[in-house]
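K.L.:
Sharing a structure, written as structure tokens. Questions coming.
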Amino acid sequence: MGKQPTQGQKKTKDQISKAASQRSKQTKKKWTKGRAKDKLNNAVFLDNTTYKQIETQLPKMGALITVSTVSDKFKVNGSLARRCIRHFAKSGLLVPAGDQNSKQYIFTVNAQVVAAQKAAAAAAAADKPQAQKKAPAPKKQ
């Protein structure tokens with residue numbers, strides 16, 4: 001507010017109109033600053049490379065697999081993440097962790113399936129014939 005007139009003085013009409021015009025020019029204080037959240041650009045469709053990536057990386061994700069963790073890690077839509085979790089749970093790669101709610105999917109990796117996959121991969125690698133190194137040819141002089 002402006003200064004109050006001292007005792008015995010009154011404001012003139014010009015002073016009153018000037019004070020009113022200055023008040024209207026001031027901007028009002030904003031209580032919050034409008035911060036815009038960055039829009040996520042997650043995939044809506046699942047292509048073959050993303051599916052293969054999810055298939056290989058999902059067992060390595062650890063103890064807790066939820067829709068939000070799958071969506072964040074693989075940059076896919078929430079509905080796609082739910083579908084992927086349901087698909088891999090049906091195939092036996094994931095098992096439910098505790099009591100399930102229809103709204104929140106909480107799964108863990110099935111350790112038996114992962115161990116079987118690792119054993120199969122190791123057996124396949126052992127069955128392949130290893131390339132034998134040829135002895136270096138003697139040098140001609």
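K.L.:
Show me the ranking of peptides 65-75, 35-45, 93-103, 108-118 by mean Cβ neighbours inside 10 Å, starting with the highest.
P.N.:
Result, highest mean first: 65-75, 108-118, 93-103, 35-45.
K.L.:
Answer rounded, prolate or oblate for region 48-121, using the Cα gyration tensor with square roots of eigenvalues a ≥ b ≥ c: rounded when a/c is under 1.5, else prolate when a/b is larger than b/c, else oblate.
P.N.:
Numbers: a/c = 1.97, a/b = 1.20, b/c = 1.65.
Verdict is oblate for region 48-121.
K.L.:
Near the amide H of residue 76, under 5 Å away, which other amide H atoms are found, from residues 5 or more places off or on another chain, if H is placed in the peptide plane?
P.N.:
Under 5 Å from the amide H of residue 76: 43.
K.L.:
Also, I was wondering about something else. Between residue 119 and residue 51, how many nm apart are label points set 7 Å from Cα along the C-beta direction?
P.N.:
With each label placed 7 Å out from Cα toward Cβ, I get 2.8 nm.
K.L.:
Between residue 35 and residue 79, what FRET efficiency follows from the Cβ-Cβ distance if R0 is 25 Å, with the result rounded to 0.05?
P.N.:
For residue 35 and residue 79, the calculated efficiency is 0.35.
K.L.:
What is the extension gain from residue 12 to residue 60, computed as 0.36 nm multiplied by their sequence separation minus the C-alpha to C-alpha distance, in nm to one decimal?
P.N.:
On the way: separation 48, 0.36 × 48 = 17.28 nm, distance 7.99 nm.
Fully extending the segment from residue 12 to residue 60 adds 9.3 nm.
Each reported figure results from applying straightforward, stated rules to the coordinates on display, with no laboratory input. Please read these numbers as outputs of a predicted model, since none were measured by experiment. Please note: Cβ atoms are built from the backbone with ideal geometry, for glycine as well, and neighbour counts cover all protein chains shown.
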